[in-house]
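Below you'll find the structure I mean.
The values are calculated or read from the model by the stated rules, or taken from the named source; none is laboratory data. Because the structure is a prediction, the values reported are computed rather than measured. Cβ placement follows ideal geometry from the backbone for every residue including glycine, while neighbour counts extend to all protein chains displayed. Heads up: the accessible areas ignore ligands, DNA and RNA and are worked out on the full protein's heavy atoms, side chains in. Shrake-Rupley method; radii C 1.70, N 1.55, O 1.52, S 1.80 Å.
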Amino acid sequence: MDDRFGLNRRAILPGPLPLDGGALLAPVEIGYETYGTLAPDASNAILICHALTGDQHVTSPHPITGKPGWWERMVGPGKPIDTDTFFVIAANAIGGCMGSSGPQTLAPDGKPYAMRFPVITISDMARSQTMLMDHLGIERLHAVVGGSMGGMQALSWAAHFSDRVGSALIIASTAKHSAQNIAFHEVGRQAIMADPNWRNGDYYADGVSPAAGLAVARMAAHITYLSETGLTEKFGRRLQGREAKGFGFDADFQVESYLRHQGMSFTDRFDANSYLYITRAIDYFDLAEEFGGTLANAFRDSKTRFCLVSFDTDWLYPTAESKSIAHALNAAGAPVSFVELSSPYGHDAFFLDVPALDRVVSGFLCADC
């Protein structure tokens, strides 16, 4: 097999990659995985873009935690994104911490960039992925698929590189980050930077990371991924391992214990500086702003087919966000379908067992198979 393809690959591309902030990044490192077989004419390639805390391990065990891939239920032989039909590429976004250029990457002086790494944007992520596609010999993608931040990357691909994208599937996403969501991210960033172990980002040398701050950031963000209905059904006000309230500040309630577990387990696999950079990239995302203030301008003359999916309990990126994208696509004359699905799981529904989503994904991707 060509050594460009398979699991746990890393491409070191000479660059330079021009960034929206004005810097040039070179070389550009991208950690990625591929699944399935690329057609001789490279016409069956699908790029999957991950969310904020995701990575390239879509359907393979995570090398640090050993847990199954984050979209194992969706990607694989006979699954909605069928690797018997499609060649799937998943790349760790730049700014990340699983093999792509980011704060952990060594700078020219041989030391980790840390906070010297340039600030990046969602469009920078998409631009770097075009370099990876060139490296893999893929001129045009059958589809770009993504949920949450992954959907932002898919929108950026379709807006900036429409000639290279046949279809774009955007799930539980938005065309711009709201003030409320920026506020949640800022709480998380401040928690990290307030941790005495952060030390202005220079914590790599001694291996003592700002785990407490990162855990709090994860806890705050994780609340936004859930729904009130889901939390009530799963936890309610039930106590954790006790018959009565402890009248102290241990985790009395199951939901407290759950959030603490989510926070601390996250620190095993994610870098605090990467969290700062990627949340900032999401906060900067405003696709209309990149096209003169009018979202429809991003899709003028687009030949890409679009499918937008939202969930009725998602309050992070509610259905109104997807509808606004659909209206802009209609104004631009771009082919678009839109569906709101019912799920108790909130924003995280696209990770979980929602059979209706499976049908939408497989039907859209195979519409012209």
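Between His142, Thr130, Gly22, whose Cα lies farthest towards the positive end of the dipole of the chain when Lys and Arg beta carbons carry +1 and Asp and Glu beta carbons carry -1, centred on the Cα centre?
Gly22
While we're looking at this one, here's another question. For segment 20-106, what is the accessible area per residue in Å², given a 1.4 Å probe and the full set of protein chains?
So segment 20-106 comes to 33 Å² accessible per residue, rounded to a whole number.
Under a cut-off of 29 Å between alpha-carbon atoms, report the lysines in cross-link reach of Lys245, not counting same-chain residues fewer than 8 places apart.
The reachable lysines, counting only those whose Cα sits under 29 Å from Lys245, are Lys234.
Among bridges DSSP assigns within the chain, what percent are antiparallel (round to 5)?
Restricted to the chain, the bridges split so that about 35 percent are antiparallel.
Treating the beta-carbon of each Lys and Arg as +1 and of each Asp and Glu as -1, no other charges, what is the dipole magnitude of the chain about its Cα centre, to the nearest 20 debye?
Dipole magnitude for the chain comes out near 220 debye.
Quick check: at a probe of 1.4 Å, how many percent of the accessible area of the chain sits on carbon and sulfur atoms?
C and S atoms contribute 54 percent here.
Additional query: Just order 128-137, 288-297 by mean Cβ neighbour count inside 10 Å, highest at the front, would you?
128-137, 288-297
Show me 29-41, 81-93, 250-262, 214-226 ranked by packing, highest mean number of other Cβ atoms within 10 Å first.
In descending order of packing, they fall as 81-93, 214-226, 29-41, 250-262.
Straight-line reach from Lys303: which lysines fall under 26 Å, measuring Cα to Cα and dropping same-chain residues less than 8 apart?
Lys176, Lys323
Also: Please report, in debye to the nearest 20, how large the charge dipole of segment 208-278 is about its Cα centre when each Lys and Arg carries +1 at its beta carbon and each Asp and Glu carries -1 there.
80 debye
Got the relative contact order for segment 6-100 handy, in percent, Cα pairs under 8 Å and 6 or more residues apart?
Relative CO of segment 6-100 lands at 32 percent.
Where only protein heavy atoms count, and the probe is 1.4 Å, what is the accessible area per residue for segment 230-369 in Å²?
Per-residue accessible area for segment 230-369 comes out at 49 Å².
What dipole magnitude, in Debye to the nearest 20, does segment 24-133 give about its Cα centre under +1 on Lys/Arg Cβ and -1 on Asp/Glu Cβ?
Using only the charged Cβ atoms, the result is roughly 300 debye.
Among Ser257, Trp70, Ala159, which residue has its Cα furthest toward the positive end of the charge dipole of the chain, with +1 on Lys/Arg Cβ and -1 on Asp/Glu Cβ?
My answer, from the dipole projection, is Ser257.
For every helix of n ≥ 4 consecutive DSSP H residues, a contribution of -39,500 (n - 2.57) applies; sum these over the chain, divide by its total residues, and give [θ] at 222 nm rounded to the nearest 500 deg cm²/dmol.
Mean residue ellipticity at 222 nm (helix-derived): -10000 deg cm²/dmol.
For Thr232 and Gln180, compute 0.36 nm times the residue count separating them, minus their Cα-Cα distance, and round to one decimal in nm.
16.4 nm
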